[in-house]
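To start, the structure itself, in structure tokens.
The values are calculated or read from the model by the stated rules, or taken from the named source; none is laboratory data. Keep in mind the model is a prediction, meaning the values are calculated, not measured. We place every Cβ from the backbone using ideal geometry, glycine too, and count neighbours over all the protein chains shown.
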Amino acid sequence: MELLSEATGETTGTAVIVGRTVPNSIRNVWNVLLTAEGSEALLGPGAQLGNKGETWQSHDGREGVVRSFHPFEQIRFSWRLNQDCAPSMVAVNLRSEGTDATRIEIQHSNLPESANRERVEDRWSAALERIESECL
């Protein structure tokens, strides 16, 4: 049986939620998130996910702090484009969809009213696409 990826996007209030089901086990998806490629897909070039309380910064100025780190379930981190911006919050949630599929959902919340939600949704959809390609 071949599993196809499914992507959905939704905007609610000051949050953007994007999800995708990838044809790979939750263990493999988690391991990809922790690689340099997986971290860069989420955080930006040169950034690396760490443990709870650790800061991260990408080469393009994005930065934040890992707020929660629950293996095979969730990574949550603060996010801001640069030091002049107020931080928002990103949660990456994983849910097993059987032995060979994983649902990944990214919820970006506490966005400013001025945020371009379509651009935010596109950014996270591209991150999910990159993560999926690393899983295959």
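Some points to look at:
- Going through (1) under 13 Å from the mean Cα position of the chain (by Cα); (2) surrounded by fewer than 17 Cβ atoms within 10 Å (Cβ to Cβ); (3) among the small types (Gly, Ala, Ser) one by one, ALA91 falls short only on (2).
- Some residue of the stretch 50-61 being in contact (Cβ under 8 Å) with a residue 12 or more places away in the chain and in a strand (DSSP E or B): yes
- Condition check for ALA47 on (1) in a loop (DSSP other than H, G, I, E, B); (2) over 14 Å from the mean Cα position of the chain (by Cα); (3) surrounded by 14 or more Cβ atoms within 10 Å (Cβ to Cβ): one failure, at (2).
- Residue in the stretch 34-42 that is out of contact with any helix residue (DSSP H, G or I) (no Cβ under 9 Å at 6 or more places or on another chain) and either among the β-branched types (Val, Ile, Thr) or under 30 Å from SER114 (Cβ atoms) (or both) present: no
- Index of the failed condition, ASN93 passing every other in (1) in contact with a Ser or Thr (Cβ under 8 Å, 6 or more places away or on another chain); (2) free of Cβ contacts under 8 Å to residues at least 60 places away in the same chain; (3) closer than 17 Å to ILE17 by Cβ: (1)
- Scope the stretch 98-117; condition at pLDDT below 95 and more than 11 Å from ILE17 (Cβ to Cβ); matching residues: GLY98, THR99, ASP100, ASN110, LEU111, PRO112, GLU113, SER114, ALA115, ASN116
- Among the residues making up the stretch 64-88, a single one is among the polar types (S, T, N, Q), under 12 Å from HIS108 (Cβ atoms) and surrounded by fewer than 18 Cβ atoms within 10 Å (Cβ to Cβ): SER78.
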